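Each remark here refers to the structure printed beneath this line.
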Amino acid sequence: MVLILWIVAINVLIITFFKYQTIDYLNRETRLYINLKESVPGYHLPTYIKILNRKTKISGYSLFGVYKGKLIYVDTKYIKKGFKRFMTTLLFWEMSLSVILLLMVYFIIKRFLKKEQAHRKFLNFILGIISHKFGNFLSIQKLNLELIETDNEKPLQRLKEAYSFMEQDFSNILSTIRNTEEDKPKKYNIKQTINQCMDILLQNKEEKNIKLTLTDINIISKNSDFYNIIHELIENAVKYSKTFIHIKTAKKGKYAYIVISNDINKIQSGSGFGLELVRYLSLKNNWQFTTKLTQNTFTASLSLKL
């Protein structure tokens with residue numbers, strides 16, 4: 001659309017320039033003929049120009065101008081013929097240029113799509129390997145957990161929880177990679193999503209002080225990005241908190257706010273992948289994500305435009 005408007009604007013400028021150039025040329029030419037006629041009375045004028053002493057109506061001619069008291073008439077067919085020749089040449093060059101540009105765009109897009117298809121095939125291949133290898137590993141570890149016999153249930157329970165975290169993380173990573181090139185809109189309720197993630201990630205809620213101040217707010221997310229963000233933030237809070245986890249949501253104007261804070265059990269060094277994933281997904285959806293650490297309290301804040 002922009003290209004079409006640009007071409008139309010250029011054509012208007014070219015035609016306007018041609019019009020004034022033609023008028024200027026005829027003006028100089030007719031004045032020259034009038035001067036020649038005065039100097040050489042028997043000089044024969046071109047058939048497309050007539051010079052008269054008084055105004056009259058001539059079939060096929062139109063009054064062009066007045067010079068030295070003489071009325072100048074020009075054959076309209078002569079003007080139209082010149083304009084037609086100019087337009088034919090202009091259209092020919094524009095059509096040639098358009099065909100060349102279209103061919104260039106076609107081959108560029110074709111090459112890009114070919115690379116894109118190769119990239120997708122490679123990505124699907126890598127996903128297949130990861131899914132197969134880690135899927136088998138997790139299945140074996142799950143079976144091993146079922147076969148463990150111990151009188152102390154706490155270590156076994158911790159292993160099961162760690163396995164659940166790993167399984168969910170693995171599922172989220174695969175989902176994020178699969179949907180990285182898609183932008184399908186998906187509707188989420190912030191309160192329901194937080195409660196859902198809390199039920200999955202926090203099995204023993206009585207062990208910690210949980211404070212939820214939630215509001216029913218609906219937002220639009222690309223794919224499952226919002227769920228993955230909330231899951232990662234709550235998992236991070238569950239994993240590193242000592243005594244409390246506080247989650248608060250609010251709505252102000254055209255923005256929704258989510259604040260998750262927790263105390264820190266001890267200084268632990270993780271891979272940092274979870275928070276990096278949250279930053280990436282937030283940037284992808286044009287959301288604002290910030291973190292702050294003050295007096296052994298970690299706070300993660302998410303601002304979403306409704």
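The values are calculated or read from the model by the stated rules, or taken from the named source; none is laboratory data. Keep in mind it's a predicted model, so treat the numbers as computed, not measured. Here the Cβ positions follow ideal geometry from the backbone for every residue, glycine too, while neighbour counts run over all protein chains shown. Keep in mind that these areas ignore ligands, DNA and RNA; they rest on the heavy atoms of the full protein, side chains included. Shrake-Rupley method; radii C 1.70, N 1.55, O 1.52, S 1.80 Å.
Observations, loosely collected:
- Taking the average, over residues, of other Cβ atoms within 10 Å as the packing measure, peptides 70-83, 227-240, 6-19, 290-303 rank 227-240, 70-83, 290-303, 6-19 from highest down.
- Accessible-area order (highest first, 1.4 angstrom probe) of the listed residues Asp24, Asp225: Asp24, Asp225
- Radius, Kirkwood style, for segment 1-76 when every pair of distinct Cα atoms is counted (Å): 14.4
- The candidates Arg85, Arg31, arranged from most to least accessible area with a 1.4 Å probe in the full protein assembly, appear as Arg85, Arg31.
- Radius of gyration, Dmax [segment 1-128; alpha carbons; angstrom]: 27.5, 96
- Accessible surface comparison of Phe226, Phe112, probe 1.4 Å, protein chains only, largest first: the order is Phe112, Phe226.
- Per-selection Kirkwood Rh - segment 186-306 (Cα, Å, 1 d.p.): 14.5
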